[in-house]
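These notes concern the structure reproduced below.
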Amino acid sequence: MSISRIHIHLCFAQQALTCVQKTHSFFKPCHFNRSLGKLGSLFKKRGKSVAASRSYKASLDRHQILNREQKTNSLSDLSKIWRISCNDEERAELKSYEGRRVVLTTPLYYANASPHMGSAYPTIAVDVLSRFYRLLGAKPVFITGTDEHGEKVATAAAKHKKSPLEHCDSVVEQFLNLWNKFGIRFDRFIRTTEKGHEALVSQFIQRVYDNGDIYKDTYDGLYCVDCEEYKDGEGLTENNLCKIHRKECVQRSEENYFFALSKYQKKLEKLLDENPLFVQPPERLNEVKGWLRQGLRDFAVSRANNVWGIPVPFDPTHSVYVWFDALSGYLSALFACEEEGISLDRLSDLGWPAEVHIIGKDILRFHALYWPAMLMSGGLQLPKRVFGHGFLTKDGMKMGKSVGNTLDPVELVDSYGKDAVRFYFIRGIVFGDDGDFSRERFIQVVNSELANNIGNLLHRSLNLLGKYCEFKIPVSSSAVVSATHPLRLTAESMAEKAKVCYHRLDFATACETMIHLAAEANQYIAYEQPWACFKSGEANKAVQCLVACLETVRIVATGLSPVTPEFSKQIYLSLGYPEEYFKMLFWDRDMKWGGLKAGVSFDRPKVIFPKIVSYEETLSSSLSH
C-alpha cells in the first residue's frame, strides 16, 4: 500500500469518525482520539509508515495540549451542543422576523441612584438580542429608560438638595453615558417624566377604572420603601426585614385605589397552562405558578398626597403608583418623545405586543402577573415572553444599589474594554441563572476564548498567508474544501445551532457554538501544519488550510457580532472587508461558507485582542526585572 493511499484512508477514517461524533452525543473527543490512535496502530502493524499523514499521533497530542490550555466548556462537553436542534416550526418563526418590527425591552430603571452592573447586565442582553434580530433582517425596537416618579426618587433628590426632575436629569445622563461605554444601541430611551408618557398613563388607568377593575380601599401593613410594596409573611424575614433589601419595613395605613388582581386569577392560570413559554426560564414559570397557587391579592395603584407623580385622572388628590406608571412605559416608548395624538388604539401599528420583556427575577411577579392582568383589563395584547434573569452576585450577595454591594461597570470597561466585559457576562453566565463575578475567571475566559482561541488563530493565519501570498486571499473559500469537509460541515451546523440559541435567549450556548467552531479550526491548522507545507513545496495545501481557517474565523466573527461588535468588526477589517459591509451583515448570507473571495487584499495583521495580563502576572514580571 502506498504512502499516499495510507494518507487517503486515514483522512476518510477521520471524516467518518467526525460524522459519528456529530450524530451520537455519547461519542466524545476522547473516543474520537482513541479511535484514530487505533487506526494508526493498524497501519503500523502492517509495516507501513504513517509519516505522510502529517503524523496524526503528534497532532492529536498537540490537540490534547491545546484543549488543556483552553479549558473551555465547549471542549469538555460537546454533547450538549450537538443535541441542539431546530424544528420546522421554529425555523419558520425565525424566517418570519425579516422586515418585521420586533419590540424588546429592558426594565425601566429606577432613577434614585447611579447605574451599576446589575442594571447594565439586562441592557447588554437586550442589546445582544436586538443585534441578533437585526442580523435576521428584522426591525428591532430596543426600549430602555428610567422610572422617575415615586417616594424613593423624591427622597434621593432632597438628600442631594435638588428638585426631583433635576436629580433625574443627572441620573439619566449617567445611564446614557454608561450605555454608550458598553456600545448599547437602543432605539428609544423613555423617561416617565415625559408629557407623552403621562398622557398614555392617564388613558390606560382610566380605561381600567371604567372597566370596573379599580376601587378605593384602606390598606394596613408593613411596607418596604425600596421595593415600593407592602410585604406579607413570604416577603419578610423573622425580624420583619425585606428579604430582598435586608432593610426594616415600616408600618403604614393608607387609603388608596386598588387593582382587582384577584379577579384575573383564572385567566392567568389559563394563560400559563396554554402558553408555558410565556414566562421563562422554566424555574421562573414554576415560581409564578407557585404564587398563583397561593391565591392572588389585589394591589395598590395610587398614593395619596404624593406630589411627585402623575395625578390619577379620576381623583387628582392621588398620584399613580409605580406599576401603572413604570410598566406603561413599555407602551409610551413606542411613540416619539413629545408626540401628539398618543392613543392606546395605535399600539398595534407601532409593533406591540413586545417580543420579550427581559427583567430581573426580583420584579418577576409584577411582570408575569400584575402586567398581563392590567393589559387584559385594558383590552390590550400581552407580550409574547417575560424572561426573568438571575442575580449577579459579589461575595455571594445580590448586586444592587439598595444593598450597597455593586461592581463598578465603568471601571471594568475602562480596564478591560467593552467587548471583554460584554462577552464575559453573556458567555460566562447562563442567562437565567445567578452568576458570581470573579476577576480571575473573567480574565481566564476572555483570554482563553477571545485572545487565544479566535484572535491568535486569525493572527497566525493572516501572518502566514501574508508572508507567502503577498497579503492577498489567493483563492475563494468556497473552493478550498469540499461541501463534505468536516470543518465546513461543523461551520454549517454551528451556524444553525447558534441561531436558534440566540432566539431562545440561551446566549451562553450561542457563544459556545462559535467558540467550539474556532477550536475545530485550531485543531485543523495544527494537524495540517501549513507552515511546514510551505517549506516542503506543498503551497496549495497550505493555502487551502489557511483560507479555510480564515473563513471559519469570519463565520465566528459574524456569529459573535451581537455579543462582541467591535471585536467582530476588527476581524472583518483584518480580512480586507470595508466597514460598510460589516454594518450590513445578514445572518442567512454571512453565516454561510464561501464569504472570502480570491484577490482581496489585507493589511499586515495586528493583534486585535491583546491578552489581558492579571495583576499577579504584572507584579511577578516587575519583580523578575
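So, of the residues in segment 331-367 that are under 24 Å from residue 230 (Cα atoms) and either out of contact with any Pro (no Cβ under 6 Å at 6 or more places or on another chain) or modelled with pLDDT under 95 (or both), which turns out to be surrounded by the most Cβ atoms within 10 Å (Cβ to Cβ)?
Of everything passing the filter in segment 331-367, 367 is surrounded by the most Cβ atoms within 10 Å (Cβ to Cβ).
Need the failing condition index for residue 537 against (1) at negative phi; (2) surrounded by fewer than 24 Cβ atoms within 10 Å (Cβ to Cβ), just the number.
Exception for residue 537: condition (1).
Working only within segment 251-274, note down all residues that are surrounded by fewer than 17 Cβ atoms within 10 Å (Cβ to Cβ), in contact with a Leu (Cβ under 7 Å, 6 or more places away or on another chain) and either under 25 Å from residue 206 (Cβ atoms) or not assigned by TED's automatic domain parsing to the domain that holds residue 372 (or both).
Result: 251, 262, 265.
Which strands (runs of 3 or more DSSP E) does segment 170-278 wholly contain that include 3 or more residues that are touching a helix residue (DSSP H, G or I) at 6+ places or on another chain (Cβ under 8 Å)?
Qualifying strands (runs of 3 or more DSSP E): 188-191.
Being in contact with a strand residue (DSSP E or B) (Cβ under 8 Å, 6 or more places away or on another chain) and in a helix (DSSP H, G or I) is the filter here, so list the residues in segment 499-540 that pass it.
If we filter segment 499-540 for residues that are in contact with a strand residue (DSSP E or B) (Cβ under 8 Å, 6 or more places away or on another chain), which is where we start, we get 505-508.
Hits for segment 499-540 are 507, 508.
Scan segment 174-224 residue by residue and report those that are among the hydrophobic types (A, V, I, L, M, F, W, C) and more than 18 Å from residue 325 (Cα to Cα).
Scanning segment 174-224 gives 175, 176, 178, 179, 182, 184, 186, 222, 224.
Answer yes or no as to whether residue 487 is more than 30 Å from residue 121 (Cβ to Cβ), touching a residue at least 24 places away in the same chain (Cβ under 8 Å) and more than 27 Å from the chain's Cα centre (by Cα).
On the way: more than 30 Å from residue 121 (Cβ to Cβ): yes; touching a residue at least 24 places away in the same chain (Cβ under 8 Å): yes; more than 27 Å from the chain's Cα centre (by Cα): no.
Spelling it out, it is not the case that residue 487 is more than 30 Å from residue 121 (Cβ to Cβ), touching a residue at least 24 places away in the same chain (Cβ under 8 Å) and more than 27 Å from the chain's Cα centre (by Cα).
Conditions first: (1) modelled with pLDDT of 95 or more; (2) surrounded by 19 or more Cβ atoms within 10 Å (Cβ to Cβ); (3) of a type outside the set (Val, Ile, Thr). Residue 323 passes all but one, so which condition is the exception?
(1)
If you scan segment 474-500, which residues turn out to be surrounded by 23 or more Cβ atoms within 10 Å (Cβ to Cβ) and either under 19 Å from residue 132 (Cα atoms) or of a type in the set (A, V, I, L, M, F, W, C) (or both)?
480, 491, 494, 497, 498, 499
Determine the pairs where a residue that is more than 19 Å from residue 296 (Cα to Cα) and touching a residue at least 12 places away in the same chain (Cβ under 8 Å), located within segment 262-285, has a partner that is of a type in the set (Phe, Trp, Tyr) and surrounded by 12 or more Cβ atoms within 10 Å (Cβ to Cβ) with Cβ atoms under 6 Å apart, the partner being 6 or more residues away or on another chain.
Listed by first residue and then by second, the contacts come to 280/387.
I need the full set of residues from segment 99-124 which are among the small types (Gly, Ala, Ser) and either surrounded by fewer than 24 Cβ atoms within 10 Å (Cβ to Cβ) or without any contact (Cβ under 8 Å) to a residue 60 or more places away in the chain (or both), in order please.
Our first condition is that a residue be among the small types (Gly, Ala, Ser); within segment 99-124, this holds for 99, 111, 113-114, 118-120.
Hits for segment 99-124 are 99, 113, 114, 118, 119.
Here are some conditions: (1) small (Gly, Ala, Ser); (2) surrounded by 18 or more Cβ atoms within 10 Å (Cβ to Cβ); (3) within 14 Å of residue 115 (Cβ to Cβ). Residue 154 meets all but one. Which one does it not meet?
In the conditions (1) small (Gly, Ala, Ser); (2) surrounded by 18 or more Cβ atoms within 10 Å (Cβ to Cβ); (3) within 14 Å of residue 115 (Cβ to Cβ), residue 154 misses (3) alone.
With segment 541-599 as the region, which helices (runs of 4 or more DSSP H) entirely inside it contain at least 2 residues that are buried (at least 19 other Cβ atoms within 10 Å of the Cβ)?
565-574, 587-590
Counting only residues that are assigned to a helix (DSSP H, G or I) and aliphatic (A, V, I, L, M), which one in segment 350-366 is nearest to residue 187 (Cα to Cα)? Show your work before the answer.
Quick first cut of segment 350-366, residues assigned to a helix (DSSP H, G or I) only: 350, 361-366.
Okay, now just the ones that are also aliphatic (A, V, I, L, M), so 350, 363-364.
Numbers: 350: 13, 363: 23, 364: 24 Å.
It comes out as 350.
Go through segment 158-168 and give me each residue that's in a helix (DSSP H, G or I) and either without any contact (Cβ under 8 Å) to a residue 24 or more places away in the chain or aromatic (Phe, Trp, Tyr) (or both).
Filtering segment 158-168 for residues in a helix (DSSP H, G or I) gives 158-159, 164-168.
Correct list: 158, 159, 166.
Cβ contacts < 8 Å: first residue in the same structural domain as residue 609 (by TED's automatic domain parsing), restricted to segment 443-454; second residue charged (D, E, K, R) and assigned to a helix (DSSP H, G or I), any location; separation 6+ or different chain. Result?
445/427; 448/69; 449/427; 450/419; 452/69
Can you say whether residue 423 is crowded, with 17+ Cβ neighbours inside 10 Å, closer than 18 Å to residue 570 by Cα and not assigned by TED's automatic domain parsing to the domain that holds residue 280, as far as the supplied structure shows?
Details: crowded, with 17+ Cβ neighbours inside 10 Å: yes; closer than 18 Å to residue 570 by Cα: yes; not assigned by TED's automatic domain parsing to the domain that holds residue 280: yes.
Yes: the conditions hold for residue 423.
Considering each residue of segment 144-196, count those that are touching a Lys or Arg at 6+ places or on another chain (Cβ under 6 Å) and of a type in the set (A, V, I, L, M, F, W, C), and give that number.
Selection size over segment 144-196: 1.
I'd like to verify a number: residues in segment 468-494 that are under 18 Å from residue 82 (Cβ atoms) and of a type in the set (Asp, Glu), how many?
1
Does at least one position in segment 317-332 carry a residue that is farther than 29 Å from residue 187 by Cβ and free of Cβ contacts under 8 Å to residues at least 24 places away in the same chain?
Yes, the conditions are met somewhere in segment 317-332.
Taking segment 377-387 as the search range and keeping residues that are aliphatic (A, V, I, L, M) and touching a helix residue (DSSP H, G or I) at 6+ places or on another chain (Cβ under 6 Å), which one is surrounded by the fewest Cβ atoms within 10 Å (Cβ to Cβ)? Before you say what the answer is, go through the steps one by one.
Narrowing segment 377-387 to residues aliphatic (A, V, I, L, M): 380, 382, 386.
The next check asks that each one be touching a helix residue (DSSP H, G or I) at 6+ places or on another chain (Cβ under 6 Å); those that pass are 382, 386.
Values: 382: 17, 386: 25.
Going through the qualifying residues, I end up with 382.
The values are calculated or read from the model by the stated rules, or taken from the named source; none is laboratory data. Keep in mind it's a predicted model, so treat the numbers as computed, not measured. Cβ sites come from the backbone with ideal geometry, for glycine too, and all protein chains shown count toward neighbours.
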